[in-house]
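The values are calculated or read from the model by the stated rules, or taken from the named source; none is laboratory data. Predicted model only: the values in this text are computed from it and were never measured. All Cβ positions, even for glycine, are placed from backbone atoms using ideal geometry, and neighbour counts span all protein chains on display. Heavy atoms of the whole protein, side chains included, go into the accessibility calculation; ligands, DNA and RNA do not. Shrake-Rupley method; radii C 1.70, N 1.55, O 1.52, S 1.80 Å.
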Amino acid sequence: MSLNRTAKGIVLVPSLLLGGAFLAAAVWADGPAAANRSLALGLGGALMAAGLLAQLLPESRDVRGGHHSD
């Protein structure tokens, strides 16, 4: 497994988990917390988008002598 692919996974998992938590908080917000619903929706959407967009970054090529090991 390449280092770049590992880094993508490290970005993806926490982004999706935190994004999902913020979106769930926005859906189930009651009482005084309901005032922050738009903030929670914005943060949740941004985190999930960042995690998914990180997967679209191209992987770098190995420049150490042309050998590529996965």
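A full extension of the chain between residue 30 and residue 6 corresponds to an added length of 4.8 nm, given 0.36 nm per residue minus the alpha carbon distance. The residues of the stretch 7-54 expose on average 61 square angstrom of accessible surface per residue, using a 1.4 Å probe on protein heavy atoms.
Ranking 26, 9, 46 by how far each Cα lies toward the positive end of the dipole of the stretch 3-64 (charges on Cβ) leaves 9 at the top.
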